[in-house]
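The values are calculated or read from the model by the stated rules, or taken from the named source; none is laboratory data. Here the structure is a predicted model, which means the values were calculated and not measured. No Cβ is skipped: glycine too gets one built from the backbone with ideal geometry, and neighbour counts run over all protein chains shown. The accessibility values were calculated without ligands, DNA or RNA, using every heavy atom of the protein model including side chains. Shrake-Rupley method; radii C 1.70, N 1.55, O 1.52, S 1.80 Å.
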Amino acid sequence: MSTHPPGEIPAVSAQPCPHGADTGPRLLYAARHGQSTVNAGLRPATPAEADDMVIELTELGARQAVALGRWFAALPPEQFPDLVLCSPYRRAATTWRLAEAELRAAGVAVPCLVTEPNLYDRFRGALAHIPAEDVRQRYPEQYAAERADPLGYRPPGGESFLDVADRLTGVVDRIAADTRHRRVLIVAHDAVILLLRRLLEHHDDAATLAVAAAGLAGNASVTAWAGEGDDYRLLYYDRRDHLLAL
């Protein structure tokens, strides 16, 4: 069982990159993985099932991933991503694998794919997979500490949301420095998307908490930003219209 975040995993490219230097418009997409067994309320029955690295999609999550792929396949070429950065967690990797199959079925050239270790979900350490109400009853001091500092609280052996933002900074910097890929899709988790908004839109703590309070990105939703100089402008957040028929 994995008892620590996968920070030691190197970034892995799935295939050689065919792209040359690109000076076109910059777009950044972030898609959350499809519904997982934990999202569906199924509590892990064994330590192996509780390993964040191997949590699976549900049947609905798989259909959401297919719908996500069809949505991207329908984009015009100038908006289509040429690079996918994917979380190393199985639920994210499976989401992209199913989405990519739809691109192939539609005759669309698939983007470059890199497994990016710093895109893993927020790691809650000793409190992983324990519902908030159970934390309140069993670990009242930890519960109170998180309520007092939602972004800075770090569970025993785990990460704070601000820790997630710190590790995402390097990902954002590498995207900005990449001259081959101007349209990038991140496939990851709701916490990652929340903290990307903090970094890209220069949110302070109050703005970050306001986004979270209004609703985190849903399963297989899409968020997008347009690059403008050294900054990004939010185009849309938590877009789910491609999932309406499911």
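Quick check for you: with a 1.4 Å probe and neighbouring chains kept, what is the accessible area per residue of the stretch 53-209, in Å²?
42
Full extension from ALA109 to LEU75: what is 0.36 nm times the residue separation minus their Cα-Cα distance, to one decimal in nm?
11.0 nm
Given a cut-off of under 8 Å on Cα pairs at least six residues apart, what relative contact order in percent is computed for the chain?
Contact order relative to length: 29 percent.
For the stretch 162-246, calculate the relative contact order in percent as a whole number, restricting contacts to Cα pairs under 8 Å that are 6 or more residues apart.
Reported relative contact order: 22 percent.
Can you list, bin by bin at 10 Å, the percent of alpha carbon pairs in the stretch 122-161, starting at 0?
33, 64, 2
Net charge within 11 Å of ARG182 by Cβ-Cβ distance, Lys/Arg positive one each and Asp/Glu negative one each, not counting ARG182 itself?
-1
If the only charges are +1 at each Lys and Arg Cβ and -1 at each Asp and Glu Cβ, what is the size of the charge dipole of the stretch 171-241 around the Cα centre, to the nearest 20 debye?
With Lys and Arg at +1 and Asp and Glu at -1, about 320 debye.
With both partners inside the chain, how many of the DSSP beta bridges are antiparallel, as a percent to the nearest 5?
For the chain, the DSSP antiparallel bridge percentage is about 50.
Which percent of the accessible area of the chain is formed by carbon and sulfur heavy atoms (probe 1.4 angstrom)?
Carbon and sulfur: 54 percent of the exposed surface of the chain.
Considering the chain as a Gaussian network with a 10 Å cut-off on Cα pairs, which listed residue, VAL222, VAL172, VAL84, attains the greatest mean-square fluctuation?
VAL172
At q = 0.11, 0.12, 0.16 Å⁻¹, work out log10 I(q)/I(0) for the chain with the Debye formula, treating every Cα as an identical point scatterer and leaving solvent out; two decimals please.
-0.57, -0.68, -1.23
What net charge do the residues around ILE130 carry, taking every other residue with its C-beta under 11 Å from that of ILE130, with Lys and Arg at +1 and Asp and Glu at -1?
Charge balance near ILE130 sits at +2.
When Lys and Arg each count +1 and Asp and Glu each count -1, what net charge do the other residues less than 14 Å away from THR208, Cβ to Cβ, add up to?
Computed value for this residue: -4.
Can you name the helices of the chain, as whole DSSP H runs, whose Cα span along the helix axis is 18 Å or more and whose Kyte-Doolittle mean is not below 0.5?
161-177
Toward the positive end of the charge dipole of the stretch 96-246, about the Cα centre and with charges on Cβ (Lys, Arg +1; Asp, Glu -1), which of LEU113, LEU199, GLY227 goes farthest?
It is LEU113, whose Cα lies furthest towards the positive end.
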